[in-house]
Amino acid sequence: MYRFIGVLLIAIIVLAFKAEQKTYPQNYFRSPVGYDMKLSGTFGELRPNHFHAGIDIKPLKGVGDNIYAIADGYVSRVKALPNSYGNVVYIDHPNGYTSVYAHLYRYNDSIGNYVKKKQYEQEKFRVDLHPAAGEIPVKKGQIIGYMGTSGRSFGTHLHFEIRDTKTEVAINPLLFGLKINDKVKPRITQLKVYSLNPELQILDEERIDVKAGKYGYYVGGDTLRMGAWRVGLALKAFDFMNGVSNWNGIYSMDMLVDDSLTYSFKMDEISFDETRYINSHCDYKERLTRRSYFNRCYRQPGNQLSIYEHIANEGVISLEKDRAKKINFIVKDSYNNTSSLQFFIRRKAVETPEKQELYNYILPWHEQNIIYTGDFQVDFPSGSFYETEYLNYQVSREPSDGTFSPTYHIGDRMTPIHKYFTIGIVPTNLPDHLRDKAVIAACPEGMKNQCLSNHRWQGDMLLAQAREFGNYTIMLDTIAPTIKVSKISSTMSKNYRMIFKIDDDFSGIKSYRATVDGRWILMVYDEKNDQLTHKFDGRIPKGKHELLLTVEDFRGNIKTYKKTFSN
């Protein structure tokens, strides 16, 4: 009972401390689906390298569920993509907001005809179109498309967003009065405690299981004892809803130290310019090694996220030997269902930390950092790191099959990097006629080699873009992409489509082009399944025809396929 009263008082303190909350129009928008919404993903959910910018709505029947315009407006943008959002429609509304409907199976007829017309005009599947205002008007409740799995989607759902039209900042759709059956409190599952040095770098860490009690969550023993002068905390928590089993992301979290609000975030709005800062907000190493997402409750120096409503002393907690500090976490979902965790933490004897890993470069997080050795160069723009990086750089000069330079070992891949940086390597023993086939490859241990992007030559040095620490060397890509026939025959009169599988095992697919009798035809590219599909729509007349399919990778290797068929 006393614990319950304490939590209630803490909630009152938090509400009194916070500034007036921004309001959003209520009951202006309808649901984008014609049934009670159930979510498989929430706004602000922690995802690899980004915050989830919308909500994921589960299907009622499956592929083909009707998707409705949430209010009057006009189509301001429509994309057809082989990855990412797939088939996606943007609708501008007169109240200053834009709604976004992604992963559609297909558009409605008017939007679909507009897209296909532009695709044939531009002779490419991938398009990003901006119709004139009012060119494609829509009414509230009008079907604008059908639910699917296009793009980077591995299960049928609608990814739905609401954005500020002027700024394109994504806003939590559940703040607009959309109804969800949700009376389930969030769950708190684990706590992490980090021992920090004065620069807020981690000296040691401990993972602690959290238990559920009658009046909230707790840790065993009630009081944690840490051998550190200062600590940072991280919390793993999930949101649940009635009628679904998905472990979704939470809406807000507050951390109080001795009843004083010390750290707070709320998932109201997210700027796409800020979304990669998630790699500082979460425990990056946990995400890579365990696929586990902890909300970091202290701020690293290079973290520029604006979701934090309040941070005192960067969220860092100074420990005392003779007095325990009381810690309270309050976790909420968008419908104010609330869970809490309370415990105490105090300092025990502080041991001298073990010798740290070797390093040979210190890279301040807020500066541009360049390493140049003559045959190797790496250029990190300012703001590449979330904290000052103590970099270990090594070179392996032993020759290896298939490589044309030493292997350069740069840092620890468990360290997140915010911006793309440039790597430059001077090759050794590379024949001049193979310069255009040379690539810089990342060679992660125990994993497949990965080709970097945006290659170019600067004199004798090959440059490329990277975004992770790792092992890098020069290799060749002289192998053309592959084309496999999935569905085509000499007589296509009884088939309504032809299907191919295309793939490239190194530098990746740069482009593809299909023609029938020399005229371009639309091939829909599903990148996640490496699939090209052409649906016969009357553009190819009856008779005998010749198909030519050409696929090129990023190093200019080309594969062609020819087939004579009749329809």
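If you take the residues of the range 33-57 that are of a type in the set (Asp, Glu) and touching a strand residue (DSSP E or B) at 6+ places or on another chain (Cβ under 7 Å), which of them is surrounded by the most Cβ atoms within 10 Å (Cβ to Cβ)? So, considering only residues that are of a type in the set (Asp, Glu) and touching a strand residue (DSSP E or B) at 6+ places or on another chain (Cβ under 7 Å), the one surrounded by the most Cβ atoms within 10 Å (Cβ to Cβ) is 45. Residue under question is residue 123, and the condition is that it be on the phi < 0 side of the Ramachandran plot and either touching a residue at least 24 places away in the same chain (Cβ under 8 Å) or not β-branched (Val, Ile, Thr) (or both); does it hold? For residue 123, the condition - on the phi < 0 side of the Ramachandran plot and either touching a residue at least 24 places away in the same chain (Cβ under 8 Å) or not β-branched (Val, Ile, Thr) (or both) - is not met. Just the residues that are among the acidic types (Asp, Glu) and surrounded by 12 or more Cβ atoms within 10 Å (Cβ to Cβ), please, taken from the range 514-567. Result: 517, 526, 527, 530, 546, 552, 553.
Among the residues of the range 22-80, those identified as in a loop (DSSP other than H, G, I, E, B), farther than 24 Å from residue 95 by Cβ and charged (D, E, K, R) are 36, 38, 45, 58, 61, 65. Could you please find all residues in the range 471-500 being within 26 Å of the chain's Cα centre (by Cα) and surrounded by fewer than 21 Cβ atoms within 10 Å (Cβ to Cβ)? Within the range 471-500, just 471 meets the criteria.
Against the test of being part of a loop (DSSP other than H, G, I, E, B) and touching a Ser or Thr at 6+ places or on another chain (Cβ under 9 Å), the options 495, 471 yield a single qualifying residue, 495. Take the conditions free of Cβ contacts under 8 Å to residues at least 60 places away in the same chain and surrounded by fewer than 18 Cβ atoms within 10 Å (Cβ to Cβ) and apply them to residue 60. Does it pass? So residue 60 fits the description; yes. In this structure, residue 486 qualifies as at pLDDT below 95 and assigned to a strand (DSSP E or B). Out of curiosity, is residue 203 aliphatic (A, V, I, L, M) and within 25 Å of the chain's Cα centre (by Cα)? The answer is no for residue 203. Listed by position, the strands (runs of 3 or more DSSP E) inside the range 163-271 whose residues that are out of contact with any Gly (no Cβ under 8 Å at 6 or more places or on another chain) and among the charged types (D, E, K, R) number at least 1 are 187-196, 202-209, 223-226, 230-238, 252-257, 260-266. Against the condition out of contact with any Leu (no Cβ under 9 Å at 6 or more places or on another chain), small (Gly, Ala, Ser), in contact (Cβ under 8 Å) with a residue 24 or more places away in the chain and more than 25 Å from residue 182 (Cβ to Cβ), how does residue 252 come out, does it pass? For residue 252, the condition - out of contact with any Leu (no Cβ under 9 Å at 6 or more places or on another chain), small (Gly, Ala, Ser), in contact (Cβ under 8 Å) with a residue 24 or more places away in the chain and more than 25 Å from residue 182 (Cβ to Cβ) - is not met.
Looking only at residues in the range 165-204 that are of a type in the set (Asp, Glu) and modelled with pLDDT of 95 or more, the one that is farthest from residue 389 (Cα to Cα) is 182. Put simply, of 428, 403, 415, 422 the only residue that is of a type in the set (Val, Ile, Thr), part of a loop (DSSP other than H, G, I, E, B) and closer than 16 Å to residue 452 by Cα is 403. Of (1) touching a helix residue (DSSP H, G or I) at 6+ places or on another chain (Cβ under 7 Å); (2) closer than 23 Å to residue 281 by Cβ, residue 188 satisfies all except one. Which? Of the numbered conditions (1) touching a helix residue (DSSP H, G or I) at 6+ places or on another chain (Cβ under 7 Å); (2) closer than 23 Å to residue 281 by Cβ, the odd one out for residue 188 is (1). If you check residue 265 against the conditions, is it under 25 Å from residue 169 (Cα atoms), crowded, with 20+ Cβ neighbours inside 10 Å, at pLDDT 95 or above and in contact with a Lys or Arg (Cβ under 6 Å, 6 or more places away or on another chain)? So residue 265 does not fit the description; no.
Here residue 371 clears all of (1) closer than 22 Å to residue 202 by Cα; (2) modelled with pLDDT of 95 or more except the condition numbered (1). Filter the range 410-447 down to the residues that are touching a residue at least 60 places away in the same chain (Cβ under 8 Å) and of a type in the set (D, E, K, R), then identify the one that is surrounded by the fewest Cβ atoms within 10 Å (Cβ to Cβ). If we take residues in the range 410-447 being touching a residue at least 60 places away in the same chain (Cβ under 8 Å) and of a type in the set (D, E, K, R), then 436 is surrounded by the fewest Cβ atoms within 10 Å (Cβ to Cβ). Within the range 376-395, residues that are on the phi > 0 side of the Ramachandran plot sit with their Cβ atoms under 9 Å from residues that are of a type in the set (Gly, Ala, Ser) and surrounded by 15 or more Cβ atoms within 10 Å (Cβ to Cβ), at 6+ positions apart or across chains, in these pairs: 383/302.
Matching residues to (1) assigned by TED's automatic domain parsing to the domain that holds residue 117; (2) touching a Lys or Arg at 6+ places or on another chain (Cβ under 7 Å); (3) closer than 13 Å to residue 93 by Cβ:
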| residue | (1), (2), (3) |
| --- | --- |
| 133 | yes, no, yes |
| 136 | yes, no, no |
| 143 | yes, no, no |
| 146 | yes, yes, no |
| 160 | yes, no, no |
| 166 | yes, no, yes |
| 169 | yes, yes, no |
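The values are calculated or read from the model by the stated rules, or taken from the named source; none is laboratory data. These figures come from a predicted structure and were not determined experimentally. Note: ideal-geometry Cβ built from the backbone for every residue, glycine included; neighbour counts use all protein chains shown.
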